1. If we keep just the residues of the stretch 187-236 that are part of a helix (DSSP H, G or I) and without any contact (Cβ under 8 Å) to a residue 60 or more places away in the chain, which is most open to solvent (accessible area, probe 1.4 Å)?
2. Filter the stretch 139-159 down to residues that are touching a strand residue (DSSP E or B) at 6+ places or on another chain (Cβ under 8 Å), outside any loop (DSSP other than H, G, I, E, B) and at pLDDT 90 or above and give me whichever is nearest to Leu228 (Cα to Cα).
3. Please go through the stretch 60-91 and give me each residue that is in a helix (DSSP H, G or I), touching a Gly at 6+ places or on another chain (Cβ under 8 Å) and either touching a residue at least 12 places away in the same chain (Cβ under 8 Å) or under 14 Å from Leu129 (Cβ atoms) (or both), ordered by number.
4. Considering each of Ile162, Ile171 in turn, give the residue that is β-branched (Val, Ile, Thr) and either farther than 19 Å from Cys213 by Cα or touching a residue at least 60 places away in the same chain (Cβ under 8 Å) (or both).
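The values are calculated or read from the model by the stated rules, or taken from the named source; none is laboratory data. Here the structure is a predicted model, which is why all the values come from computation and not from measurement. Note that we place each Cβ from the backbone using ideal geometry, even for glycine, and neighbour counts take in every protein chain shown. All accessible areas refer to the heavy atoms of the entire protein, side chains included, with ligands and DNA or RNA removed. Shrake-Rupley method; radii C 1.70, N 1.55, O 1.52, S 1.80 Å.
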Amino acid sequence: MKSKVFFSSEITAEKVVELFHAAANDLPGGILPGKVAVKLHSGEPGNQNFLKPEFWQPIVNDVHGTVVECNTAYDGGRNTTEKHRETMEKHGWNKHFTVDIMDAEGPDAELLIPNGKRIKNMLNYGSMLVLSHFKGHPMGGFGGALKQLSIGCASSYGKAYIHGAGEPEKIWTGDHNSFLESMADAAEAVVRHFNGNMVFINVMKNMSVDCDCCSVAEDPCMADIGILASLDPIAM
């Protein structure tokens, strides 16, 4: 059976909620079970393109979710828990939501996959809603659902482990194709962990060639397109 992907050219917070329910209709009971982790991008300080808390507020409230993020593996405003919390406060996430920086305290958990890559602990949650701001990325080519699942859900150490394809000391020098395969492996591990209890939403708005992790990012280079929602991150 072909995967369902729902689309709207109207980009509003209300339309995000509508498309979520269209996709979630194929889940048992039409809901995400248990405590819901809402993975999104908190935005590097200085970035002008990330989607703000007010845009995501209706869908996070709809699922009674906890906004989850992880620390970065590069210098900036989010590479330590203290700085990341300051950024979350500055960007208004704490004003609207319960926020969990998942690698604030160690040790990391390991989700097993065939090649044994490490990613971050999310064992407190029964399901996940992945809210992705679709845009470019200097290493991944673009940032969407799969990057949110892999790099986005990895601890600071886990990010280095994925980038180096199992050799964290090679975070910026490893083979590029191996990095892409490692990123896909890590994404698969998160999907397996939640056993299908996931919904994915991509918002194609403010699309720059640069990621939201860039403090100095290019302005959007193309027109907004719309919203996608699916239970299948690859089809989306």
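1. Step one: list which residues in the stretch 187-236 are part of a helix (DSSP H, G or I), which gives 187-194.
Applying the additional criterion that residues be without any contact (Cβ under 8 Å) to a residue 60 or more places away in the chain yields 187, 191.
Working: Ala187: 4, Val191: 53 Å².
In this case the residue turns out to be Val191.
2. Taking the stretch 139-159 and keeping what is touching a strand residue (DSSP E or B) at 6+ places or on another chain (Cβ under 8 Å), we get 142-145, 147-149, 152-153.
Adding the requirement that they be outside any loop (DSSP other than H, G, I, E, B) leaves 142-143, 145, 147-149.
Applying the additional criterion that residues be at pLDDT 90 or above yields 145, 147-149.
Numbers: Ala145: 11, Lys147: 16, Gln148: 15, Leu149: 16 Å.
It comes out as Ala145.
3. Looking only at the stretch 60-91, we keep the residues that are in a helix (DSSP H, G or I), and these are 60-62, 81-90.
Okay, now just the ones that are also touching a Gly at 6+ places or on another chain (Cβ under 8 Å), so 83-84, 86-87.
Scanning the stretch 60-91 gives His84, Thr87.
4. On the way: Ile162 fails: either farther than 19 Å from Cys213 by Cα or touching a residue at least 60 places away in the same chain (Cβ under 8 Å) (or both).
None of the other options fit; the residue is Ile171.
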